[in-house]
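Asker: Let me begin by handing over the structure; questions about it come next.
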Amino acid sequence: MLLILIPEIWVNVVWFGMKIISITFSVARARVLLAGCFSSVARIQNKTRFQLSVRDQTLNTELRRVKLLTRTKKVNTMQRCKGVFSVMSWAVISVCALTLVGCSSGPAKKEVVDLFWPAPPEQPRIRYIDSYSGQADFSDTTSFKAALLGIDQKGLQLLKPYGVTTSRDGKLMYVTDTKLHALVVFDFEKKSVYPFPTDAMGGLTTPLEVRIDSQERIFVTDSAAGRVNIYSKEGKTLLTLGDGEGLQRPTGLVIDEKNNRFYVSDTPSHRILIYTLDGEFIDEMGERGSAPGELNFPISLALDKESNLYVVDSGNFRIQVFSPEGEFIRSVGKLGDSYGSLARPKGIALDSEENLYALDAAFNNYQIFNKEGKLMLFIGALGRRPGMFWLPTGIFIDAKDKIYVADSINARIQIFQYLKDGVEAEAGEAAEGKSAEGKSAEGK
């Protein structure tokens, strides 16, 4: 039986082996076909990428060519327009310059402003003259260059002026500037502005008041340094005062040549120190308080013809008057915001008729009182126009009744003229129609 089954088994084994071989060949053929498909796909992808790259390169080349052509045309157009515009501009500038030069009948001057106080029809008492801020005020305005390019603004300019005075002949104006830490000189004859040439001993930190005696010596209070410096007109330091007397913060200063002395106010110590003109300490006066004769933060000082001393008693909002012996005489002003009141009094000065001028930094004006202390007139208001102020600090009146006011925030010195007997009729008529920020006390 077994012998009968053996041939059938071998047949089945052979058939199964042939099936396996057939399947193996089929799998191999399938793999070959798949590999061919993947290879074809890769070739197609590479070809597509190459074609896209070629197309992109072609497009980029075309774009660059178009941009280059456009830029070339634009540059050519701009150059042509620039050439035409340049020719036209020079033609217009030349015509304007020739017109300016041809129309000018003489040297160009600063704008003339006719301001009088009080306004017509009342008799004028104060006339505005001019203002000075620095070297630009003396700049050339008559040359062809100035006509084309404008006024040259280079040179020294005031930043924060505080005190002001002039030489006896009026040719030099001296201004203390707390921001420049210097004494600035205006030379009206030479039309120049320059810092006063102090030596190493006389350097300034916070100069406030400045005054000049008949020997042309220059007295300056240096508040932050706590001293008073006295210079020759050339800038040599002659004396430095204050250490021995314990000066803390000197502010005001006034010279009494009739009695061979000068006064210095020491604000935080509430006293007035007295020195000879040779720098020897004589005495001091004042103590803190609000009673007549007592002081509360004294600042600016002034003298009348009888050598009576006027003191701005700032903390008591008044101006006190003392005799040469230091005796209290009277006071002017009180705290308030009405006419004749004081809110933040600063510099003071007297004219030849002994009218008292009092600056007020809160009102931004100066008030004028007569010898009896009655308010006559006030000048100014907050602003930048001529005759207006922004924190006025120092004032000086020369022998010809010319009034110099340090307009601190506006960085300028404004100059006015006191008119003793008014002005001529034609000057009064010229003033009509002009507005001024000042009123007569009698007209209020």
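Asker: Restricting region 286-299 to residues that are part of a strand (DSSP E or B) and open to solvent by less than 30 Å² (accessible area, probe 1.4 Å), which is farthest from residue 256 (Cα to Cα)?
Answerer: The initial filter retains those residues of region 286-299 that are part of a strand (DSSP E or B), namely 288, 295, 298-299.
Restricting the remaining residues to those that are open to solvent by less than 30 Å² (accessible area, probe 1.4 Å) gives 295, 298-299.
Values: 295: 21, 298: 18, 299: 17 Å.
Filtering region 286-299 for residues that are part of a strand (DSSP E or B) and open to solvent by less than 30 Å² (accessible area, probe 1.4 Å), the one farthest from residue 256 (Cα to Cα) comes out as 295.
Asker: Right, something else. Name the single residue that is nearest to residue 136 (Cα to Cα) among those in region 190-244 being open to solvent by 70 Å² or more (accessible area, probe 1.4 Å) and not in a loop (DSSP other than H, G, I, E, B).
Answerer: The residue in question is 194.
Asker: Would you please list the contacts, defined by Cβ atoms under 9 Å and residues six or more apart or on different chains, that run from a residue in region 234-249 that is within 11 Å of residue 271 (Cα to Cα) to a residue that is basic (Lys, Arg) and at pLDDT 95 or above?
Answerer: Every condition considered, the pairs that remain are 247/227.
Conditions tested, residue by residue: (1) modelled with pLDDT of 50 or more; (2) at positive phi; (3) open to solvent by 20 Å² or more (accessible area, probe 1.4 Å).
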residue: 396; (1), (2), (3): yes, no, yes
residue: 400; (1), (2), (3): yes, no, yes
residue: 403; (1), (2), (3): yes, no, no
residue: 409; (1), (2), (3): yes, no, yes
residue: 412; (1), (2), (3): yes, no, yes
residue: 422; (1), (2), (3): yes, yes, no
residue: 425; (1), (2), (3): no, no, yes
residue: 432; (1), (2), (3): no, no, yes
residue: 443; (1), (2), (3): no, no, yes
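Asker: Check off (1) in contact (Cβ under 8 Å) with a residue 24 or more places away in the chain; (2) part of a strand (DSSP E or B); (3) exposed (fewer than 15 other Cβ atoms within 10 Å of the Cβ) for residue 282 and give me the number that stays unchecked.
Answerer: (1)
Asker: Could I ask something else about it? From the set of residues in region 245-279 that are outside any helix (DSSP H, G or I) and hydroxyl-bearing (Ser, Thr, Tyr), which is nearest to residue 224 (Cα to Cα)? Outline the logic, then answer.
Answerer: Going residue by residue through region 245-279, those that are outside any helix (DSSP H, G or I) are 245-256, 260-266, 270-279.
Adding the requirement that they be hydroxyl-bearing (Ser, Thr, Tyr) leaves 251, 263, 265, 275-276.
Values: 251: 10, 263: 18, 265: 14, 275: 20, 276: 23 Å.
By that ranking, first place goes to 251.
Asker: Follow-up question, since we're still on this one. Kindly indicate which of 380, 373 is open to solvent by 20 Å² or more (accessible area, probe 1.4 Å) and touching a residue at least 40 places away in the same chain (Cβ under 8 Å).
Answerer: Criteria check complete, one pass: 373.
Asker: Can you tell which of 305, 346 is at pLDDT 95 or above and either out of contact with any strand residue (DSSP E or B) (no Cβ under 9 Å at 6 or more places or on another chain) or not in a strand (DSSP E or B) (or both)?
Answerer: Step by step, each of 305, 346 is checked, and only 305 is at pLDDT 95 or above and either out of contact with any strand residue (DSSP E or B) (no Cβ under 9 Å at 6 or more places or on another chain) or not in a strand (DSSP E or B) (or both).
Asker: Separate question: Those residues that are outside any strand (DSSP E or B) and either touching a helix residue (DSSP H, G or I) at 6+ places or on another chain (Cβ under 6 Å) or open to solvent by less than 60 Å² (accessible area, probe 1.4 Å) (or both), I need them from region 318-331; list them, please.
Answerer: 323, 324, 326
Asker: Tell me which residues, restricted to region 300-317, are of a type in the set (A, V, I, L, M) and open to solvent by 20 Å² or more (accessible area, probe 1.4 Å).
Answerer: Scanning region 300-317 gives a single hit, 303.
Asker: Let me ask another. May I ask you to list the residues in region 332-370 that are of a type in the set (Ser, Thr, Tyr), without any contact (Cβ under 8 Å) to a residue 60 or more places away in the chain and open to solvent by 60 Å² or more (accessible area, probe 1.4 Å)?
Answerer: 338
Asker: Suppose we filter region 314-326 for residues that are more than 34 Å from the chain's Cα centre (by Cα), over 18 Å from residue 372 (Cα atoms) and in contact (Cβ under 8 Å) with a residue 24 or more places away in the chain; how many remain?
Answerer: Number of matching residues: 2.
The values are calculated or read from the model by the stated rules, or taken from the named source; none is laboratory data. Here the structure is a predicted model, which means the values were calculated and not measured. Don't worry about glycine lacking a Cβ; one is built from the backbone with ideal geometry, like all the others, and counts go over all protein chains shown. Heads up: the accessible areas ignore ligands, DNA and RNA and are worked out on the full protein's heavy atoms, side chains in. Shrake-Rupley method; radii C 1.70, N 1.55, O 1.52, S 1.80 Å.
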